[in-house]
Amino acid sequence: MARQTVAKSQSTITRDFIAKQSPTANPIALVTNLPGVVSSGNDPLGQSTTSISMRGLNQTEIGFLYEDMPLADSINYTPYTQSVVDSDNISSVTIDQGAPDISAPVYNDVGGLMKISLRHAADKMGGRADFSFGSKSLEREFIRLDSGDIAHTGVKAFASFSSTSNNEWRGSGQFRKYHVDAEIRKDWTPDTSLAFIFSYDNWQQTNYRPMTLKAWQSYGINYNYDKDYTVGDQNWAGLNNYERRSMMMMLPFKTKLAKGLNFNFTPAYSKFDEFYLGAQSLSPNGSYYGTQPAGQLQGLGATYNNGSSTMAEEINPVPQQSFFLNAGLTWKKGVNTLQVGYAYNYIDLLEQIWYTGVAANGGMRNVEGKYPITLGNGTRYMELDQHFQHQMNSIYISDTVKLLNNRLTLNAGLKYIMIDRTMVNNTPGAIRDAGGSYAQPLPQFSASYMMTKHDQIFIDGTTAYRAPASVEAYGQLFSPAHGQAASNFQKMAGEYSIGEELGYRHYGLVNVSLSLFNYNITNNQVQTYVTLGSMNIPEPVQNGGKTSRGAQIEIGLRPWHHFSPYASAQYLHATMDNNYVAQDANGNRVVLPTKGKVAVMSPELVAAVGLAYDNGRYFGNFSFNYVGSQYSTFMNDEKIPGYEQANMTLGYRLHDVGFAKRPQFQLNVMNLGAKNYLSGIQSATATSKSYGTVAGHAPVYYVSGGVAVTASLSTGF
C-alpha cells in the first residue's frame, strides 16, 4: 500500500508490483486487487478487450490520464489503456475510487479517475530486455534503451519496442500487437523541465463472438466464430476482426516563475485509426441506402440463395484526431496554496460504414475502402455517414489552506466545463444536423486532519459531470435490409453526480484505509447495443437517477520477514431511482417498473486478498479475487453469477552475468483454477424477457477462463 494523503479515497500500485505481474497485462488488469475495482475481459492474459467499473460506475464514467493527457476516446469514453503504454514502462497506476480531481482535464469522471505514470528516461545509460512465452503460443519481445545524460547536457532519452502475438483465447484467429514508447527530456531543476513523450501502437485481432447468457448456457466457451468459410457464413472468424493504429504525442513543460509560483503547460495530439470488421448479407438489388432503395449494387462478391443474396464485409472505420491543451498556475504563500487552470480539447471524428465484396473462398478486396461496393452511379454504398466535431473548454480554481501546524487541511474549488458538439449525418433519410451544447459548474470541498503522524481522517463533498457518451447518441443507424431506423435519435442531458465520502487512514506496521461513500446521480446513462449484421454497435440509453452507497477497506502489512499480506473489500448498494421509459415495436411509450431495482454492473461484494514475498533473490506473490453477482438488465430479470479468480507469480534473480545486470526468471500463472466464467457485462439492456408489449433483448457478456501461463526471462544492461 502506497501512502496516500489526499482527502479522498485513493489507491496506488507501484513499479515493484507491476514488474512482478505478467508483462501482457494492461493497466486495467493490473488494478483488479484494489478496493472497489471490478475488471473484466476476454482472456486471462489481460491484453485484449478489457473493461473496468468502480463503485458500480462503468468505464465510460471514469476519467483516464496518461501523465497529463486524457487517453480515453473523447466521445465514446472507451479507455484504450492496453495500447497507450507497455507495462514495462509504467512507474505507477493510481486510482481515485469516486471523487474527481479538479485539475484533471477530463469531463466524464463521475466514477473517479485512473492515472498512469510513465517510467521516465533514466539518468544513466542502459536498458532492459524481456522475452516471454506462454499459453496459446504466446510470444512477446520487449527491449528498452536509455541514453542517460547525453554529452553532459542534461538531456536524456529512452525508446522501447515490443512485439506480441498469440492465438485467440477461444475460437479461431490471432492477436498481434506492435508497440513503441519514447521520451526525450531536459530537467534544469526539480521545478523546471521539458519533455516530448511519444507512443505508437498497431493492434490486430480476431473478434470474440458476442456471448449472451443463452449461448453461454448452451455452448459455453465453444460459442465461437467458425474456423472454416462457406458461402453465406456471417459467423466465419476471417470476416470478424478489429484493427487499430494509434499515435499519441505530448509536450509537458513546467517551470518556476517566481518564489512560490509555478506554471505547467502540456499540449498534446493523438490520432486513432480504427476498423471494426463484420459480415453482412446484402440483397444485390433489394438493399436500402438509408431510407432509399439502393438499386442494383456494383462490385459485389459471390452470391448465394440463387443469386438473391451476397456476402459483404461490413467495414466501420472510425478515424479521429484530437488536439489537447492543459495549463495551470500554482501559487503557494504561507499556509495557502492557490491553483487556477484551463484545459481545451478539440476532436474531429468521421464514422462511416461501407462494404466490400467477399469471394466464394472468403477473400476480401480491401478493408480500407479502395474497392468498395457502390451504387449504380459509382457512389460508395454506405450504411452510415457521420461527421462529428467536439470542443471542450474547462477552467478551474482551487484553494487549499493548511492550519494547526499543517495537521488540518481545508480545500474548496470550482470547475466549470463547457462542451459544444456538432454532428452531420449524410445518410439519406436521417436527421442531418444534431449535436448539443453543455455547460456545468462543479463545486467541491474537502477537509482532512492528521490526528497523529500515523492517523488521518478526511471528508469530501464533490460534484462531477459527463456529457452524453457515444457518437450514436447524436445520430441514427439504418438497416440495409429494410430502410428503417435501427436506432432512434433522442436528445440526452449530461450525467451529473453529487458525492460524499468519509474516510480514515492509519500507516504503521499495519496500514489501513477505510471509507464510507454516497453518490446521487441524475441522468444516468448505460451502454446497450444495436445489432447490424454480425456487428454490435454501441448505443447509450438514459435511465433516470441512481443512488450508490457503500463502504470500502484496504489493509496491508509492511514487509515483515520479506512477507507482505494485503486485503481489500467493498460493500455496495446501488439502486435505480426512477422507472424506465421504453418503446415497443410500434413506437408506443411503455413504462417499466425499475424504480428501486438494483443497478446494473453493481456487485454487492467485491474482495481481494494477496500475499507477496521478496528476499532480493527469490520473489513471488499470490492473489485471490471475488466478485459478486451482477444484474445486466434494468428489470433485474437476468444476471451473471459471482466468480472467483486467483493468480500467482514465482521468480528468481541471478547475479550479474557479463553485461547482463540482475537477470531474472519469472513465471506467472493466471486463473489458477482454470475455471471458465462470465467476467463482466459488455452491454446491458432494459429487459431480457418480454414485458407487456416490450420485447426482451439479450445482454452481452465478456467471457474469461482457462489457465494462462507466461514464462519470462529479463535482464538489465
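Per residue of segment 427-438, in order, report the coupling 6.51 cos²θ - 1.76 cosθ + 1.60 (Karplus, θ = phi - 60°) as ³J(HN,Hα) in whole Hz, putting x for Gly and Pro.
Each residue of segment 427-438 in turn: 5, x, x, 7, 4, 6, 10, 8, x, x, 10, 9 Hz.
Set the Förster distance to 35 Å, then compute FRET efficiency between LYS402 and ASP637 from the Cβ-Cβ distance, nearest 0.05.
So the FRET efficiency works out to roughly 0.10.
Take every Cα pair under 8 Å in segment 391-525 that's 6+ residues apart, average their separations, divide by the length, and report that relative contact order as a whole percent.
It comes to 18 percent, rounded to a whole number.
Once the cut-off is 17 Å, how many percent of the Cα-Cα pairs in segment 329-397 end up in the long-distance tail? Before the final figure, lay out each step's value.
Working: 1571 of 2346 pairs.
Percentage above 17 Å: 67.
For segment 102-177, which whole percent of the accessible surface, found with a 1.4 angstrom probe, sits on carbon and sulfur atoms?
For segment 102-177, the apolar C and S fraction of the accessible surface comes to 58 percent.
With each label point set 7 Å from Cα along the Cα-Cβ vector, what nm distance links THR189 and LEU509?
Going by the 7 Å Cα→Cβ label model, 4.4 nm.
Name all residues of segment 337-351 having a backbone nitrogen under 20 Å from the label point set 7 Å from the Cα of ILE395 along its Cα→Cβ direction, giving them as ranges.
Backbone N within reach: 338-346.
Please report the carbon-and-sulfur percent of the accessible area for segment 579-679; probe 1.4 Å, protein heavy atoms only, DNA, RNA and ligands left out.
58
Could you work out the mean projected area of the convex hull around the alpha carbons of segment 1-131, in square nanometres to one decimal?
8.6
Two decimals, Cα atoms only, Kirkwood Rh: what is Rg/Rh over the chain?
Ratio value, two decimals: 0.96.
Can you tell me the Rg and the Dmax, both Å, for the Cα atoms in segment 56-126?
Cα only, segment 56-126: 13.1, 45 Å (Rg, Dmax).
To the nearest 20 debye, what charge dipole does the chain have about its Cα centre, counting +1 at the Cβ of each Lys and Arg and -1 at the Cβ of each Asp and Glu?
Dipole about the Cα centre, nearest 20: 1460 debye.
Accessible area per residue for the chain in Å², computed with a 1.4 Å probe and the full protein assembly in place, what is it?
39
Give me the Kirkwood hydrodynamic radius of segment 227-354 in Å, from all C-alpha pairs, to one decimal place?
19.4
Cut-off under 26 Å on the C-alpha distance; same-chain residues fewer than 8 positions from LYS370 excluded. Which lysines are left, in chain and number order?
LYS177, LYS271
Mind checking which aspartates and glutamates have their Cα closer than 17 Å to the Cα of LYS402? Skip sequence neighbours fewer than 8 apart in that chain.
Straight-distance partners of LYS402: ASP455, ASP460.
Given N residues in segment 168-310, what is Rg(Cα) / (2.2 N^0.38 Å)? Write out the running numbers ahead of the final one.
Working: Rg = 25.0 Å, N = 143, 2.2 N^0.38 = 14.5 Å.
For segment 168-310, the normalised Cα radius of gyration comes out at 1.72.
What whole-number value in cubic angstrom gives the convex hull volume per residue for the C-alpha atoms of segment 318-369?
Values: hull volume 5.5 nm³, N = 52.
That works out to 106 Å³ per residue.
Please list the three semi-axes, largest first and in whole Å, of the ellipsoid equivalent to segment 627-680, using sqrt of 5 times the eigenvalues of its alpha carbon gyration tensor.
On the way: eigenvalues 376, 22, 9 Å².
Equivalent-ellipsoid dimensions as semi-axes: 43, 10, 7 Å.
Take the alpha carbon atoms of segment 208-250, find their center, do the same for segment 267-297, and report the distance between the two centers in whole angstrom.
So the separation of the two Cα centres works out to 18 Å.
Kirkwood Rh and Cα-based Rg: tell me the resulting Rg over Rh for segment 584-659, rounded to two decimals.
1.39
Given R₀ = 45 Å, FRET efficiency for SER437-ARG617 by Cβ-Cβ distance, to 0.05?
0.15
Along the Cα→Cβ direction, 7 angstrom out, place labels at SER629 and GLU604. What is the inter-label distance in nm?
0.9
For ILE143 and TYR344 in the same chain, what is the full-extension length gain: residue separation times 0.36 nm, less their Cα-Cα distance, in nm?
Length gained, ILE143 through TYR344: 68.9 nm.
Calculate the FRET efficiency for GLN583 and GLN292 from the Cβ-Cβ distance with a Förster distance of 30 Å, rounded to the nearest 0.05.
Calculated transfer efficiency: 0.80.
Mind listing the phi-derived Karplus ³J(HN,Hα) values for segment 32-41, rounded to whole Hz, using 6.51, -1.76 and 1.60 with θ = phi - 60°, and x for any glycine or proline?
Result, ordered by residue: 5, 7, 6, x, x, 8, 10, 10, 9, x Hz.
Among all the lysines, which ones have a C-alpha under 30 Å from LYS214's C-alpha, if same-chain residues fewer than 8 places away are not counted?
LYS136, LYS227, LYS546, LYS595, LYS597, LYS639, LYS675, LYS689
With each label point set 7 Å from Cα along the Cα-Cβ vector, what nm distance links VAL591 and ASP420?
3.9
Got a sec to turn the phi values of segment 239-247 into Karplus ³J(HN,Hα) couplings, 6.51 cos²θ - 1.76 cosθ + 1.60 with θ = phi - 60°, whole Hz, x for Gly and Pro?
Once θ is set to phi - 60°, the couplings for segment 239-247 become 9, 10, 9, 9, 10, 8, 10, 10, 9 Hz.
Net charge within 12 Å of SER497 by Cβ-Cβ distance, Lys/Arg positive one each and Asp/Glu negative one each, not counting SER497 itself?
Cβ neighbours under 12 Å give a net charge of -1.
With a 1.4 Å probe and all protein chains in place, put LYS402, LYS332 in order of accessible area, largest first.
Working: LYS402 85, LYS332 130 Å².
Heavy-atom accessible area, descending, gives LYS332, LYS402.
Work out the charge dipole of the chain with +1 on the Cβ of Lys and Arg and -1 on the Cβ of Asp and Glu about the Cα centre, then indicate which of ALA660, THR78, GLY63 is farthest towards its positive end.
The listed residue farthest towards the positive side: ALA660.
Quick check: Cα centre of segment 40-107 to Cα centre of segment 122-136, how many Å?
Taking the Cα centre of segment 122-136 as reference, the centre of segment 40-107 is 24 Å away.
The values are calculated or read from the model by the stated rules, or taken from the named source; none is laboratory data. For clarity, every value in this text was computed on a predicted model and none was experimentally measured. Cβ: placed from backbone, ideal geometry, glycine included. Neighbour counts: every protein chain shown. Please note that ligands, DNA and RNA were not included when accessible areas were found on the heavy atoms of the full protein model with its side chains. Shrake-Rupley method; radii C 1.70, N 1.55, O 1.52, S 1.80 Å.
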